[in-house]
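Inspection log for the structure reproduced underneath, given as structure tokens.
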Amino acid sequence: MSSAAGDPALLVRALLKRTSPHLAQKIDTLPPTARIWDVVDSLSILDLVADLEDALDLVVEPIDFIPENFGSIDRIVQYLARRAPVPPRS
């Protein structure tokens, strides 16, 4: 998954495909702004969150687990960008 490591959208797609390999083609062609919930089920989304926590060493708080943050690949990427650690100032 090294190519996905630098691109959050690719990482999200790769993790979704690992959780739901039978949906790989739909996941690959899913527009970034499309509702992810229309393609994968809620358990796959929970698995995605757990995989993102492991892959990115972060904790998704229950209050953050809402469609505004996890409704589409774009929204997930935006959420991850907001959660990214701020580099220390020199």
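Coordinate-derived values only; no laboratory data. What you see is a predicted model, and the numbers here were worked out from it, not measured in a lab.
Counting only alpha carbon atoms, the long axis of helix 8-19 and the longest principal axis of the chain meet at about 50°. Across all directions, the shadow cast by the convex hull of the chain built on its C-alpha atoms averages 6.2 square nanometres.
Taken over the stretch 18-68, the convex hull of the Cα atoms encloses 88 Å³ per residue.
Once the Cα-Cα distance is subtracted from the 0.36 nm per residue extended length, the residue 57 to residue 39 segment shows a gain of 3.9 nm.
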